[in-house]
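Structure, as structure tokens:
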Amino acid sequence: MPAELACFEDRCRARFPITEVIYSCPKCGGLLEAVYEKPAESPAELKSLWRNRRTSNAPLDQSGVWRYREFLPFLAEYGRIVTLREGNTPLLDAPRAAQFGGLDHLTFKHQGFNPTGSFKDNGMTCGVAQALRLGMTRVACVSTGNTSASMAAYAAAAGLQAIIFLPQGNISFGKLAQALEYGAHTLQLEANFDQILALVRRLSEDLGIYLLNSVNPFRIEGQKTIMLEMMDQRDWRVPDWVVLPGGNLGNTSAFGKAFREMRELGLIPQLPRLAVIQAAGSAPFHNLMRAADQSHLDPVEHPQTLATAIKIGDPVSWPKARLEVSVSGGVVETVTEQEIADAKAIIGRCGTGCEPASATTLAGIRKLTAAGIMGEDADVVAILTGNVLKDQDYIYQYHRGELRAPDGALIAPNFGNPPVAAPYDIGRIADLVNSLGQ
Ligand code: F0G
């Protein structure tokens, strides 16, 4: 049994061949996950193999996903992989953000350094590899923007037809522009993300199009490497906390699975705690984790947030995310639109920058330290999921004091830095320049 698909539901755990084209368990409807036999190498051998590949010029070794291929051995052969050298994202110290968040130290793992500017690339190289292995010619997804940008790029590089479904008016222009430039067929629908996903799941099965949303277990396998690479970069020192935004909850599922598997393989001794942060107007997972009955998730019918990447009311991967937060002793927190906007501006001032959804992390850290849940001396890594250039309208409006929350309330530009109109006059400009603050 080199690799199989398994139903995630404890009461079922049915197994299926790894090459079966299914996105949920045919027996019980549960989510699917990839399962493997233990690799032949010892933990020490794996660590040195992965570290040594960093100096290799082979494309697969240069990928921050495929370098770790023993950790996601779902392919039978590696000849047809398309890599854009995804992963390889830095760990950045951010003293200013640490101070804002109430911490002595804070490190960002910045997934915005990926080829299409978000963490989706880690999973997409795997999803597209599986599509090629299965002989698929068409791939599809519904997206709040980043999945579509990533799928469009990898499909183009692989010579697959890409069909993208977007909630009209609800994705940032930068992400839409990427999908167009990479040549994807882009359909804008008058419906929200959750409604479109339900439709696309049926459509893909009816038409035999390969579905590349995060319900696809191979996307999750690729996203595991975000945590594996982070641990490699930290010389395998486990942080106290990993903080990430929660939308459709694919990343929460992937990170939790990665840490549990690292522990099972003897690569790390214990799990870090996961802190999942949602926008207050789009927080079904937060509601679930506070409910007395956690056996079903009540969708938020009309999710609202300017962080459009995580504007999702009915997250598909909630059963996996529920397990991962629970076994890691984690927490789920919400943050307001104002808190997201201010945290985002502070991340910008670190010279780092990120898109709105990513800034929920720092806003959440600030709340968790204030509540005493996260200690000020905790070792914390926050995941910045998308690049600062993904949503430029938001930035411009915030700094000019024109950003409005979905309920119409004006967001205060507490860390605003608006452009200043200046006269074409060297004397007056000199006075102006000398009067500027830090
Ligand atoms: N951050 C960014 C920048 C995202 O694009 C997403 C999800 C998330 C966080 C949430 O991650 O869904 O794994 O909990 N974007 C998806 C998309 C839904 O279509 O691009 P999640």
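Please determine, by comparing only the residues of region 252-280 that are among the aliphatic types (A, V, I, L, M) and open to solvent by 20 Å² or more (accessible area, probe 1.4 Å), which one is farthest from the ligand (Cβ to nearest atom). Steps first, please.
The first filter runs over region 252-280 and keeps only residues among the aliphatic types (A, V, I, L, M), leaving 254, 258, 262, 265, 267-268, 271, 274-277, 279-280.
Retained after the next criterion (residues that are open to solvent by 20 Å² or more (accessible area, probe 1.4 Å)): 265, 271, 280.
Values: Leu265: 24, Leu271: 19, Ala280: 16 Å.
Only one residue fits best here, namely Leu265.
Among residues belonging to region 281-314 that are open to solvent by 60 Å² or more (accessible area, probe 1.4 Å) and under 21 Å from Arg366 (Cα atoms), point out the one that is farthest from the ligand (Cβ to nearest atom). Restricting to residues being open to solvent by 60 Å² or more (accessible area, probe 1.4 Å) and under 21 Å from Arg366 (Cα atoms), the top hit is Arg290. Checking each residue in region 55-79 for being in contact (Cβ under 8 Å) with a residue 40 or more places away in the chain and more than 20 Å from the chain's Cα centre (by Cα) picks out Pro73, Phe74, Leu75, Ala76. State whether one or more residues within region 343-366 are open to solvent by 30 Å² or more (accessible area, probe 1.4 Å) and within 14 Å of the ligand (Cβ to nearest atom). Scanning region 343-366 turns up no residue that is open to solvent by 30 Å² or more (accessible area, probe 1.4 Å) and within 14 Å of the ligand (Cβ to nearest atom).
Of all residues in region 262-304, which are in a helix (DSSP H, G or I) and over 25 Å from Trp50 (Cβ atoms)? If you could, list the steps in order and put the result at the bottom.
So the first thing to find is which residues in region 262-304 are in a helix (DSSP H, G or I), and the list is 262-264, 280-282, 284-290.
Result: Ala280, Gly281, Ser282, Pro284, Phe285, His286, Asn287, Leu288, Met289, Arg290.
I'd like the residue in region 1-29 that is basic (Lys, Arg) and part of a loop (DSSP other than H, G, I, E, B) and, out of all such residues, is farthest from Gly208 (Cα to Cα). Checking each candidate, the answer is Arg11.
Scanning region 91-143 for residues that are acidic (Asp, Glu) and surrounded by fewer than 24 Cβ atoms within 10 Å (Cβ to Cβ) yields a count of 2. Within region 251-274, no residue that is among the hydroxyl-bearing types (Ser, Thr, Tyr) sits with its Cβ atom under 6 Å from a residue that is open to solvent by less than 10 Å² (accessible area, probe 1.4 Å) and modelled with pLDDT under 95 at 6+ positions apart or across chains. The residues of region 315-333 that are part of a helix (DSSP H, G or I) and either crowded, with 23+ Cβ neighbours inside 10 Å or touching a residue at least 40 places away in the same chain (Cβ under 8 Å) (or both), listed by number, are Trp318, Pro319, Lys320, Ala321, Leu323, Glu324, Val325, Val327.
Here Ala177 clears all of (1) aliphatic (A, V, I, L, M); (2) away from the ligand (no atom under 14 Å from the Cβ); (3) buried (at least 22 other Cβ atoms within 10 Å of the Cβ) except the condition numbered (3).
Can you name the helices (runs of 4 or more DSSP H) wholly within region 348-438 that have at least 2 residues being touching a residue at least 40 places away in the same chain (Cβ under 8 Å)?
Counting at least 2 such residues, we get 356-370, 392-399.
Scanning region 226-251 for residues that are away from the ligand (no atom under 16 Å from the Cβ) and assigned to a loop (DSSP other than H, G, I, E, B) gives Arg234, Asp235, Trp236, Arg237, Val238, Pro239, Asp240.
Kindly evaluate Val82 against the criterion of being of a type outside the set (Ser, Thr, Tyr), touching a residue at least 40 places away in the same chain (Cβ under 8 Å) and open to solvent by 20 Å² or more (accessible area, probe 1.4 Å). So Val82 passes the test.
Restricting attention to region 1-50, the residues that are surrounded by fewer than 14 Cβ atoms within 10 Å (Cβ to Cβ), small (Gly, Ala, Ser) and over 18 Å from Arg322 (Cα atoms) add up to 4. Return a yes/no flag: does region 214-225 have any residue that is of a type in the set (Gly, Ala, Ser), surrounded by 22 or more Cβ atoms within 10 Å (Cβ to Cβ) and more than 11 Å from the ligand (Cβ to nearest atom). Yes, region 214-225 contains at least one residue that is of a type in the set (Gly, Ala, Ser), surrounded by 22 or more Cβ atoms within 10 Å (Cβ to Cβ) and more than 11 Å from the ligand (Cβ to nearest atom).
Quick check on my filter: what residues within region 386-423 are charged (D, E, K, R) and crowded, with 17+ Cβ neighbours inside 10 Å? Please lay out each step first, then the result.
If we filter region 386-423 for residues that are charged (D, E, K, R), which is where we start, we get 390-391, 393, 400, 402, 404, 407.
Of everything in region 386-423, those that are charged (D, E, K, R) and crowded, with 17+ Cβ neighbours inside 10 Å turn out to be Lys390, Asp391.
The values are calculated or read from the model by the stated rules, or taken from the named source; none is laboratory data. Note that the structure is predicted; figures quoted are calculated from it, not measured. Here Cβ is always computed from backbone atoms with ideal geometry, including for glycine, and neighbour counts include all displayed protein chains. These area figures cover heavy atoms from the full protein model, side chains too; ligands, DNA and RNA do not enter into them. Shrake-Rupley method; radii C 1.70, N 1.55, O 1.52, S 1.80 Å.
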